[in-house]
1. Which of (1) farther than 30 Å from PRO225 by Cα; (2) touching a residue at least 24 places away in the same chain (Cβ under 8 Å); (3) in contact with a Lys or Arg (Cβ under 7 Å, 6 or more places away or on another chain); (4) of a type outside the set (Ser, Thr, Tyr) does LEU136 not meet, given it meets every other one?
2. Would you be able to tell me the number of residues in segment 151-208 that are of a type in the set (Phe, Trp, Tyr) and either farther than 30 Å from GLY135 by Cβ or not in a strand (DSSP E or B) (or both)?
3. Assuming SER244 fulfils every condition listed in (1) in a helix (DSSP H, G or I); (2) more than 16 Å from PRO186 (Cβ to Cβ) apart from one, which condition is it?
4. Could you grab me the full set of residues in segment 111-150 that are hydrophobic (A, V, I, L, M, F, W, C) and assigned to a loop (DSSP other than H, G, I, E, B)?
5. Being in contact (Cβ under 8 Å) with a residue 60 or more places away in the chain and open to solvent by 20 Å² or more (accessible area, probe 1.4 Å) is the filter here; which residues of segment 191-210 pass it?
6. Can you tell me which condition SER123 does not meet? The list is (1) of a type in the set (Gly, Ala, Ser); (2) loosely packed, with under 15 Cβ neighbours inside 10 Å; (3) under 35 Å from the mean Cα position of the chain (by Cα), and all the others hold.
7. For segment 211-256, give me each residue that is free of Cβ contacts under 8 Å to residues at least 24 places away in the same chain, surrounded by 15 or more Cβ atoms within 10 Å (Cβ to Cβ) and more than 30 Å from GLN313 (Cβ to Cβ).
8. So LEU170 ticks every box in (1) crowded, with 18+ Cβ neighbours inside 10 Å; (2) within 27 Å of MET274 (Cα to Cα) but one. Which box is left unticked?
Amino acid sequence: MTERVVERCADCGWSSKLTTPRLAAHALRSHSCEKHRATRAAYERGLARHAKVDRTPKPCLHKRAAHVHGTYACYVLDRCKCTPCSAANSAYESNRLRQKAYGREDLVDAEPVREHVRALMESGVGLKRIEQLAGLHGGTICKLLYGTKRDDGTYRPPAARVRKETARRLLAVPVGDVAPGARVDPTGTIRRLGGLLALGWSIQRIADDHGIDRQPLDRALTGAPVLASTAARVREVYEAIGDSRAPETDRRERISASRSRRRAEQAGWPVPAMWDETDIDDPYAPTPSTTAPRRGVDLEEFAFLVGGGTEPQAAARRLGVGLNAIEHAISRDVDCADAARRALAEWRAVA
């Protein structure tokens with residue numbers, strides 16, 4: 001084993017152990033007494049600071065956790081500075097800095113995650129529901145959104161970075177996953193109910209046929225927020241009915257359908273076929289116009305429908321006109337008037 005050469009500064013006490021006298025002498029000439037004294041003073045201050053730390057183990061006072069000494073969680077959450085907890089914190093910080101140097105840091109930017117959580121809240125998902133869906137503690141989400149309160153009464157700003165696992169769990173929660181009891185925007189519900197009214201379906205008939213309480217439906221049409229369960233049920237009914245018109249087999253049903261269509265016309269609610277599925281829930285999407293441009297009467301199509309067994313009133317509605325407009329076009333003897341007049345006369349003779 002090579003013997004080391006020791007050189008020591010008489011002024012500041014600096015010393016070195018090197019392999020040759022020339023290297024030791026060069027190090028002695030190059031050292032800074034001022035720098036060595038500052039380093040020594042900082043070291044002594046650190047020893048004094050560590051000596052003042054209370055190393056007595058602190059108990060865990062959390063209601064839903066039992067943190068164990070010698071862990072990073074106990075050091076941070078219970079603020080325990082005992083020797084095992086301090087060692088665990090040192091190991092955690094050393095590993096974090098090492099992973100950061102290797103480019104494998106576990107923290108990511110918190111802003112996209114924060115925006116996603118806010119979008120969930122705007123869509124009607126509460127914080128407790130987000131906790132359940134993401135499998136996270138509420139304190140994690142509160143720190144992300146609002147920050148935390150310090151011991152001196154001031155507030156720490158919202159987290160700038162979050163763990164990758166936390167970000168993955170929160171971003172995996174879809175915006176549409178709302179609790180059944182949450183209140184959501186009624187726009188889509190109003191437009192779906194309005195479309196069904198435009199087809200002749202009354203609110204009472206929708207409620208009776210599909211087992212829905214009528215009161216939430218009437219309340220939704222006033223513009224009040226609706227329960228997510230009500231919105232989902234209306235969506236199911238809307239998709240089940242589609243473009244089917246309400247049956248009109250007797251006088252009562254015809255009166256009900258006529259009143260429903262008149263109500264939809266007065267409110268400006270278009271039929272379902274006029275809505276795009278991507279726009280019907282968007283409160284900023286414009287409502288399609290229910291005023292159709294003036295057009296001619298297709299008597300050929302009318303004659304075909306009536307000849308196939310369709311009632312004249314129903315055939316006229318399918319063409320977007322009234323029966324009076326059909327009779328007026330026949331009286332003016334336009335194209336295909338003879339075929340339409342013959343089909344109408346045959347239907348009346350049979351009826």
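1. (1)
2. 1
3. (1)
4. VAL125, LEU136
5. Scanning segment 191-210 gives a single hit, ARG191.
6. (2)
7. Result: PRO216, ARG219, ARG233.
8. Unmet for LEU170, out of (1) crowded, with 18+ Cβ neighbours inside 10 Å; (2) within 27 Å of MET274 (Cα to Cα): (2).
The values are calculated or read from the model by the stated rules, or taken from the named source; none is laboratory data. All values reported here derive from a predicted model rather than from experimental measurement. All Cβ positions, even for glycine, are placed from backbone atoms using ideal geometry, and neighbour counts span all protein chains on display. Side chains are part of the model used for accessible areas, which takes the heavy atoms of the whole protein and leaves out ligands, DNA and RNA. Shrake-Rupley method; radii C 1.70, N 1.55, O 1.52, S 1.80 Å.
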